[in-house]
Amino acid sequence: MSVKQIVILISGGGSNMAAIVKTAKRDDWQARYGAKIAAVISNKADAKGLLFAGQQGIATEVLDHKAFASREAFDAALMALIDRFGSPDAPVLLVLAGFMRILTPGFVQHYAGRLLNIHPSLLPAFPGLHTHQRAIDAGCKFVGATVHQVTAELDHGPILAQAVVPVLPDDTAESLAARVLTQEHLIYPQAIADLLSKK
Ligand code: GAR
């Protein structure tokens with residue numbers, strides 16, 4: 001299956017999304033891989049990243065999870081929205097970029113093999129939230145970020161790329177998060193480009 005329509009899901013700042021958009025433009029993913037960033041979708045209306053995406057001429061959508069009675073109902077509506085941007089000839093590659101929602105198994109199954117996530121730890125260490133503080137508390141000397149294929153289990157799945165960041169003596173969760181984030185901005189676009197080049 002040759003994925004062509006990239007849909008990015010965000011919940012907040014969207015700096016990973018912005019890094020992906022900038023790389024796609026700089027390296028002309030359209031000409032090189034026939035791939036296009038088709039839409040950026042957020043579950044939060046105030047997600048800052050929506051503004052940047054709109055300014056780049058990318059379609060933006062908001063689907064507020066609070067408007068749905070169940071996780072299943074939200075995921076079904078999200079799936080329908082996402083799939084509007086794809087077609088049998090140009091299937092969607094779904095990229096989670098700081099999308100802070102747990103996905104139902106049905107949703108994950110629907111995008112099996114074409115669903116990516118970035119997580120701010122060296123998985124399988126520290127799945128879940130507060131990764132940097134947990135790593136500092138555990139006395140880790142190195143932390144990092146992981147790009148992986150998404151499976152039904154939270155923050156698990158085949159690893160596509162990782163970046164390693166040393167923990168400095170005075171690091172706080174915030175300072176560490178900022179340094180890891182700069183690495184995320186490098187490995188996520190690269191991992192997507194690698195995937196597109198193989199399809
Ligand atoms: C990133 O650090 C990303 O790895 C993390 O949220 C941040 C989003 O930043 N994702 C997770 O924790 C997912 N489990 P961004 O909105 O600026 O890209």
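The values are calculated or read from the model by the stated rules, or taken from the named source; none is laboratory data. Here the structure is a predicted model, which means the values were calculated and not measured. For neighbour counting, all protein chains shown are included, and Cβ atoms are generated from backbone atoms with ideal geometry for every residue, glycine included. Side chains are part of the model used for accessible areas, which takes the heavy atoms of the whole protein and leaves out ligands, DNA and RNA. Shrake-Rupley method; radii C 1.70, N 1.55, O 1.52, S 1.80 Å.
Suppose we filter segment 143-158 for residues that are at pLDDT 95 or above, within 12 Å of S121 (Cα to Cα) and in contact with a Leu (Cβ under 7 Å, 6 or more places away or on another chain); how many remain?
Final tally of qualifying residues: 5.
Mind listing whichever residues of segment 162-199 are open to solvent by less than 20 Å² (accessible area, probe 1.4 Å), in contact with a Leu (Cβ under 9 Å, 6 or more places away or on another chain) and more than 18 Å from R26 (Cα to Cα)?
A163, V165, L176
Identify, please: which residue in segment 138-154 is farther than 13 Å from V167 by Cβ and away from the ligand (no atom under 13 Å from the Cβ) and is, among those, most open to solvent (accessible area, probe 1.4 Å)?
If we take residues in segment 138-154 being farther than 13 Å from V167 by Cβ and away from the ligand (no atom under 13 Å from the Cβ), then A152 is most open to solvent (accessible area, probe 1.4 Å).
Identify, from the list G86, G113, the residue that is of a type outside the set (A, V, I, L, M), over 24 Å from L50 (Cβ atoms) and in contact (Cβ under 8 Å) with a residue 60 or more places away in the chain.
That would be G113, the only listed residue that is of a type outside the set (A, V, I, L, M), over 24 Å from L50 (Cβ atoms) and in contact (Cβ under 8 Å) with a residue 60 or more places away in the chain.
Residue under question is M100, and the condition is that it be within 23 Å of A161 (Cα to Cα) and open to solvent by 20 Å² or more (accessible area, probe 1.4 Å); does it hold?
So M100 passes the test.
Which members of segment 33-49 meet the condition of being open to solvent by 10 Å² or more (accessible area, probe 1.4 Å), out of contact with any Lys or Arg (no Cβ under 9 Å at 6 or more places or on another chain) and either under 14 Å from I8 (Cα atoms) or in contact (Cβ under 8 Å) with a residue 12 or more places away in the chain (or both)?
Listed by number, the residues that qualify are K44, A45, K48.
Tell me which of these F74 doesn't satisfy, since it passes every other one: (1) over 27 Å from L186 (Cβ atoms); (2) touching a helix residue (DSSP H, G or I) at 6+ places or on another chain (Cβ under 9 Å); (3) in contact (Cβ under 8 Å) with a residue 40 or more places away in the chain.
Only one criterion is unmet by F74, namely (3).
Look at D64 and say whether it is acidic (D, E) and within 19 Å of the chain's Cα centre (by Cα).
yes
With the condition being touching an Asp or Glu at 6+ places or on another chain (Cβ under 7 Å) and either closer than 27 Å to V180 by Cβ or not acidic (D, E) (or both), I'd like the helices (runs of 4 or more DSSP H) fully within segment 1-102 carrying at least 1 qualifying residues. Steps first, answer last, please.
Details: elements: 15-26, 29-33, 49-55, 71-83.
Ranges flagged: 15-26, 71-83.
If you go through segment 108-137, how many residues are within 9 Å of the ligand (Cβ to nearest atom), outside any loop (DSSP other than H, G, I, E, B) and either modelled with pLDDT under 95 or open to solvent by 50 Å² or more (accessible area, probe 1.4 Å) (or both)?
0
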